[in-house]
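**Student:** Pasting in a structure now, in structure tokens, and then I'll have a few things to ask.
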Amino acid sequence: MSKTRNYAQILIGSWLFLTAMAIYLSLWVAPLDFQQGGNSRILYVHVPVAWMSILVYIVTAINTFLFLLTKHPLFLRSSGTGIEMGAFFTLFTLVTGGFWGRPMWGTFWVWDARLTSVFILLFIYLGALCFQKLSVELASILICVGLIDIPIIKFSVNWWNTLHQPGSISRFGTSIHVSMLIPILSNFANFLFLTCLLFVIEIRLLILSFLESSLTEEIEAREGSLRA
Amino acid sequence: MAARSSSTLRLFSRLLHKTHLHPPPPTLSPHHHPSSSLRHPQFSLFSLSSFSTAASRRQPKKVDIGARARQLQNRRLWTYALTFSGVAGFVILVLNNFQDQLVFYVTPSEALEKFNSNPSRNKFRLGGLVLEGSVHQPASSPEMEFVITDLMTDILVRYQGSLPDLFREGHSVVVEGFVKPFTDEIKASGTSGKNKEVTSKARSGECFFSATEVLAKHDEKYMPGEVAAAIEKNKKKIEEEAEAQKTAAA
């Protein structure tokens, strides 16, 4: 047990360090944007959170697909965790984007392709959250079908003309200056680390519950009665 | 309804199960074989073999659980793969068909083309660059004026209200509003020297744009891909036309 506590201390300590570094980098080190001024600091949270919402969705979709195939409870639990965290990340993306858009574009919300597809992603997450209480299979199928939304979100800014700016980071290089890219990446590392930590905690709880479940007791009782 | 029927089914199966596994004890020894219930046809409800005259005792078939699980897994894999590819195909078809509705804004050239072919539909969202030196506040009205261009067509925009932070000359904006025919007053409201020169092309047209909303499009270190592509295309077109004229003159 003491070993576990040591690991937990190390992990939480490094997470706190990452958070402090990310906040310091994005609030004090990063230069002001030459057009947006201080508003560009919202993007240091908005962009990583948007990436996380997509990444968590892909991981969750893989988990739910494996759950549908194998019906293993570990996949179910990790997909449930993914749905909760992804819903949070997507909501956060929309809110921070709105607060950035109000002074910059002049509006909180427009129905352009990028914003609408992210809105649909939020509704897929929320729908899966609701369906989980009815039937986990239904929620899993919804998540798998909703995977189509991911390429639409990614390429919406290239396929159609949108108010949202096209992606700045591509295979051919970035149009973001390095000094502003570093806080984005450090925030991304921070969110990624936090998400992995929560995943590990959730799955660990589930594995621990296997050891204490009534099923184990039942099996043991049955084996005992057979032996007796 | 489905839930109810499934619960009744479950109840039924449990009843069957009970009659199968726990036949009344008096006639049975405690260490009986499960297939011994065949000898008591009144308790085995479905096995038809109990009615057959051939008295061969069937051996219970050995089920390979692993193979059965793999078979089920395969069947699920195929079902889900087919369903998902069907849904994906449907979505792609829908997106392809509604390509026009998904566009957030049109360029001034497209808007004027559409307006000329159907003047009753005059509501548009225009995207383009604000022409440099065109922003101007006429003394006669509270509205401000500027010119939006995609390098092919210029259109004069009149707007009353606050502008977003990123609204700058030479940068791209999206304006929402109505295409209206020029009145003489608006046509004449252009003023002094340079502004008049810059906006003369827009004023020479037949229509202006009465905006209800102005949104700035963000492009700090790069042109937005779509506008850049459209402008590039138009630039090429202009160059080609110029060359064609040159060759025609020569």
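**Student:** Calculate how large, on average over all directions, the projected area of the Cα convex hull of the stretch A:1-108 is; give the answer in nm² to one decimal.
**Tutor:** Taking the Cα atoms of the stretch A:1-108, their convex hull projects to 9.2 nm² on average.
**Student:** For residue A:91 and residue A:159 in one chain, what is 0.36 nm times their gap in residues minus the Cα-Cα distance, to one decimal in nm?
**Tutor:** Stretched fully, the residue A:91-residue A:159 segment lengthens by 22.1 nm.
**Student:** Simple spin-label model, 7 Å along Cα-to-Cβ: residue A:74 to residue A:194 in nm?
**Tutor:** In this crude spin-label approximation the distance works out to 2.7 nm.
**Student:** Now, a different point. Given the options A:177, A:72, A:164, which has the most mean-square fluctuation in a GNM of chain A, springs set between C-alpha atoms less than 10 angstrom apart?
**Tutor:** Ranking A:177, A:72, A:164 by mean-square fluctuation puts A:177 first.
**Student:** Next question. With θ set to phi - 60° and the Karplus curve 6.51 cos²θ - 1.76 cosθ + 1.60, what are the ³J(HN,Hα) couplings of the stretch A:6-21 in order, to the nearest whole Hz, using x for Gly and Pro?
**Tutor:** Going residue by residue, I get 4, 4, 4, 4, 4, 5, 5, x, 5, 5, 4, 4, 4, 4, 4, 5 Hz, with x marking Gly and Pro.
**Student:** Next up: Using a Gaussian network model of chain A whose springs link C-alpha atoms within less than 10 Å, name the residue from A:70, A:19, A:162 with the highest mean-square fluctuation.
**Tutor:** Among A:70, A:19, A:162, the largest GNM mean-square fluctuation belongs to A:70.
**Student:** Now for a separate question. Lys and Arg at +1, Asp and Glu at -1: add these up for the other residues within a Cβ distance under 12 Å of residue A:11 and post the number.
**Tutor:** So the surrounding residues net to +2.
**Student:** Ranked highest first by the average count of other Cβ atoms within 10 Å around their residues, in what order do B:133-146, A:52-65 fall?
**Tutor:** Ranked from most to least packed, the peptides come out as A:52-65, B:133-146.
**Student:** Please give the Cα centre distance for the stretch A:123-180 versus the stretch B:123-187, rounded to the nearest Å.
**Tutor:** Answer, in whole Å: 34.
**Student:** Working from Cα positions, state the angle (0 to 90°, nearest 10) between the long axis of helix A:73-104 and the longest principal axis of chain A.
**Tutor:** Tilt of helix A:73-104: around 20 degrees.
**Student:** Just to confirm the filter: which GluC sites (Glu not before Pro) across the stretch B:58-139 are DSSP coil and have at most 16 other Cβ within 10 angstrom of their Cβ?
**Tutor:** Within the stretch B:58-139, the qualifying GluC sites (Glu not before Pro) (loop, at most 16 other Cβ atoms within 10 Å) are B:132.
**Student:** Could you derive backbone 3J(HN,Hα) for the stretch A:137-148 from the dihedral phi with the Karplus parameters 6.51, -1.76 and 1.60 (θ = phi - 60°), listing whole Hz in sequence and x where the residue is Gly or Pro?
**Tutor:** Ordered by residue, 3J(HN,Hα) equals 5, 4, 4, 5, 5, 4, 5, 5, 5, x, 4, 4 Hz.
**Student:** Provide the per-residue ³J(HN,Hα) series for the stretch B:237-245, in order, calculated from phi with Karplus coefficients 6.51, -1.76, 1.60 and θ = phi - 60°, each as a whole number of Hz, with x at glycine and proline positions.
**Tutor:** These are the phi-based 3J(HN,Hα) values: 4, 4, 4, 4, 4, 4, 5, 4, 5 Hz.
**Student:** Here's another thing I want to ask about it. Amide H of residue B:208 versus every other amide H placed in the peptide plane: which residues, excluding those fewer than 5 positions away on the same chain, fall under 5 Å?
**Tutor:** Residues meeting the criterion, in which the H sits 1.01 Å from N, are B:180, B:182.
**Student:** Below 15 angstrom from the Cβ of residue B:72, what's the summed charge of the other residues (Lys, Arg +1; Asp, Glu -1)?
**Tutor:** +3
**Student:** In Å and on Cα atoms, what radius of gyration and Dmax does chain A show?
**Tutor:** Over chain A's Cα set, Rg and Dmax evaluate to 21.3, 81 Å.
Where a number appears in this text, it was derived from the coordinates with a stated rule and is not lab data. These figures come from a predicted structure and were not determined experimentally. No Cβ is skipped: glycine too gets one built from the backbone with ideal geometry, and neighbour counts run over all protein chains shown.
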